[in-house]
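Engineer: Let me give you the structure first, and then I'll get to my questions.
Read-outs: derived from the displayed coordinates by stated rules, not from any lab. These numbers were taken from a predicted model, which means no experiment stands behind them. So basically every Cβ, Gly included, is an ideal-geometry build from the backbone, and we count neighbours across all protein chains shown.
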Amino acid sequence: MLRHRLATLALSSVLVPLAIFAAAPAQAATAGATAQAVTTQDTSCAGGDLCFWQNDDKGGAKGRVSGNNAAWSWARSGCPDGTWNNCASSIQNNGNSCSVKVYDNSGYSGHVLTLTRGTYISSLSGYWITFPVDSWDNDIQSNKWC
Ligand SMILES: [Ca+2]
Ligand SMILES: [Ca+2]
């Protein structure tokens, strides 16, 4: 009988430290970091370029040209026609020396909007081809310098 009690005591003296271990307060699970989507908006416009953006205020994708282009047919997802034709909503002439003309049709035809060197238009919807039904927003299709 005494022998049995000693054995029980010996066992409990082993179990007690284990129980203390298990009852130790848990560490804080995580540091609380949250993943955040980072979108880098390209609002730059290098010297010599005519830059344009899908949306107002240099929003959305940026396009750029440095020469004359009879059609802005380069593919661009998210544009009404799937190309840069009829897509630009803001535009900047950062050319090196002269004005640039943009046209509402391909082949330098149709109506003309002249952007003097250094001009930035944050919203082409404020520039009218035919007031008040047709603005320059989503209408440019070609460009020519000087
Ligand atoms: Ca647009
Ligand atoms: Ca057009």
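Engineer: Which residues' amide hydrogens lie under 5 Å from the amide hydrogen of Tyr127, considering only partners 5 or more residues apart or on another chain, with H built in the peptide plane?
Structural biologist: Trp136, Asp137
Engineer: Ser97 versus Thr40, label points 7 Å from Cα toward the beta carbon: distance in nm?
Structural biologist: 3.3
Engineer: Within 12 Å, Cβ to Cβ, of Asn86, how many net charges do the neighbouring residues add up to if Lys/Arg are +1 and Asp/Glu are -1?
Structural biologist: -4
Engineer: Let me ask something else. If you plug each phi of the range 137-146 into the Karplus form 6.51 cos²θ - 1.76 cosθ + 1.60 with θ = phi - 60°, what whole-Hz ³J(HN,Hα) values come out, in order, with x for Gly and Pro?
Structural biologist: Residue by residue, the range 137-146 yields 4, 6, 9, 6, 10, 7, 8, 8, 8, 6 Hz.
Engineer: Here's a follow-up. Taking the simple approach of a point 7 Å from Cα along Cα-to-Cβ for both Ser109 and Thr83, what is their distance in nm?
Structural biologist: If labels sit at Ser109 and Thr83, their model points lie 1.5 nm apart.
Engineer: 7 Å from Cα along Cα→Cβ at both Ser73 and Asn55: what's the point-to-point distance in nm?
Structural biologist: Modelled inter-label distance: 2.9 nm.
Engineer: Take each of the peptides 79-88, 106-115, 126-135, average the number of other beta-carbon atoms within 10 Å over its residues, and list them starting from the highest.
Structural biologist: Peptide ranking by packing, descending: 79-88, 106-115, 126-135.
Engineer: Another question about this same structure. Compute the Cα gyration tensor for the range 49-145, then decide on rounded, prolate or oblate, letting a ≥ b ≥ c be the square roots of its eigenvalues: rounded whenever a/c is under 1.5, prolate when a/b is larger than b/c in the other cases, and oblate in all that remain.
Structural biologist: Verdict is rounded for the range 49-145.
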